[in-house]
1. Taking the stated definitions as given, is Val120 β-branched (Val, Ile, Thr), in a helix (DSSP H, G or I) and open to solvent by less than 50 Å² (accessible area, probe 1.4 Å)?
2. In contact (Cβ under 8 Å) with a residue 12 or more places away in the chain, touching an Asp or Glu at 6+ places or on another chain (Cβ under 6 Å) and under 20 Å from Ile57 (Cβ atoms) - does that describe any residue in the range 94-106?
3. Which ones in the range 86-106 are in a loop (DSSP other than H, G, I, E, B) and not β-branched (Val, Ile, Thr)?
4. Could we say that Ile133 is within 19 Å of the chain's Cα centre (by Cα), open to solvent by 80 Å² or more (accessible area, probe 1.4 Å) and without any contact (Cβ under 8 Å) to a residue 12 or more places away in the chain here?
5. Out of Phe236, Phe221, report the one residue that is more than 26 Å from Leu157 (Cα to Cα) and of a type in the set (Phe, Trp, Tyr).
6. Output the residue which, of all residues in the range 145-173 that are of a type in the set (Val, Ile, Thr) and exposed (fewer than 14 other Cβ atoms within 10 Å of the Cβ), is nearest to Tyr272 (Cα to Cα).
7. Among the residues of the range 238-279, write down those that are within 18 Å of Leu23 (Cα to Cα), part of a loop (DSSP other than H, G, I, E, B) and either modelled with pLDDT under 90 or open to solvent by 40 Å² or more (accessible area, probe 1.4 Å) (or both).
8. In the range 258-271, which residues are in contact with a helix residue (DSSP H, G or I) (Cβ under 7 Å, 6 or more places away or on another chain) and over 17 Å from Arg28 (Cβ atoms)?
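The values are calculated or read from the model by the stated rules, or taken from the named source; none is laboratory data. Just so it is clear, the structure is predicted and the values come from calculations on it, not from any experiment. Cβ placement follows ideal geometry from the backbone for every residue including glycine, while neighbour counts extend to all protein chains displayed. Remember, those area values only see protein heavy atoms, side chains included, never the ligands or the DNA or RNA. Shrake-Rupley method; radii C 1.70, N 1.55, O 1.52, S 1.80 Å.
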Amino acid sequence: MSVRRLLNFFIKLSVSITFLIYLFSMVRWEHVWQEIKGADTQYLLLYLFLGFVGVFISSAKWLALTKPHGVSCSLRLLVSLYMVGYFFNNILPTSIGGDVVRAYELGRISGKKAEAMASVFMERFSGYVTLVIFALIATAFNRRLQTDFRLAAPVLLASIGAVGLAWAVGSRSWLTLFHKRFRGTTVQKLVGKTHRFQEAISFYRHHPVALLLASGYSILFYLVAILTVYTGCLTFHVDVSLASLVAVVPVILILFMIPFSLGGIGVQEWAYYFVLEIVGVPVTVGLSLGLLFRARSLAFGLIGGGIYPFVIWEARDLKSPGAEGARIYTRLW
């Protein structure tokens, strides 16, 4: 690991530790432990089940976005790769994100690297845009979200980020400028790969049905996410209004995107603690929910790590590359 990456790791670790110290200075651990010990098992199992439902919905959306490019894969394969993504995001302390691994493995199996990367990007970006829309609607109807800078600022930044990201991916001007100004071999290879990626993204303009399906799956995913938080509250015996969660859960998910911590540790727990208090959820329950979310993510990561050898190594042993290899792999799974 380079000095730069090592420094980045320790900075993120410091941020995570700082958030955790702050949280447990505000809430006594004994009170949180009482909430955890008194958790309702039936609602807890439902909470975990809804987590798997979310993974299934995201994988189904990903499958819909692979079809326009003719990427040969099965839903089971994509669910497996999604779980492997959890492993890289939550278990391994690396700079390689789960989305990068998903795109790389699907591209290697299918023989269509740019198209696989484009499908992963669109799966995430469609969800991101839907989340921003949800958050903007919630902010428009909730005065607390409008007046509290700590809540309004992330929503505003996420909105700007969505517009900026759409421009960066869709615009050719900056790529042309890069191509003209830098003539190095490495840069030219990077420009070429980026151009192929942009072409793969632009291809979706000719497939509106896939984009509509992606939007529908994104809406369904966030409705399930809201229901999941509601079930989590019931797990700790707090019957909060489901309508109130519709307003605040999108904000929680936007706060999850703060990139300065190690795997979101500390920040995500703080998001539950801080935002759910707005709708009357006790801070001990909010923090308990954050820890429950962390435990579920780690469990999914362990599952992803467990199936990683079967998903990845078996695919690498296939003799037939490209689309034919993908069809053989699909039959194996």
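1. The answer is yes for Val120.
2. no
3. The first filter runs over the range 86-106 and keeps only residues in a loop (DSSP other than H, G, I, E, B), leaving 91-97.
Of everything in the range 86-106, those that are in a loop (DSSP other than H, G, I, E, B) and not β-branched (Val, Ile, Thr) turn out to be Leu92, Pro93, Ser95, Gly97.
4. In short, yes.
5. Phe236
6. Among those that are of a type in the set (Val, Ile, Thr) and exposed (fewer than 14 other Cβ atoms within 10 Å of the Cβ), it is Thr147.
7. Phe256, Ile258, Phe260, Ser261, Leu262, Gly263, Gly264, Ile265 - these are the residues of the range 238-279 that are within 18 Å of Leu23 (Cα to Cα), part of a loop (DSSP other than H, G, I, E, B) and either modelled with pLDDT under 90 or open to solvent by 40 Å² or more (accessible area, probe 1.4 Å) (or both).
8. Matches in the range 258-271: Ile258, Phe260, Ser261, Leu262, Gly263, Ile265, Gly266, Val267, Gln268, Ala271.
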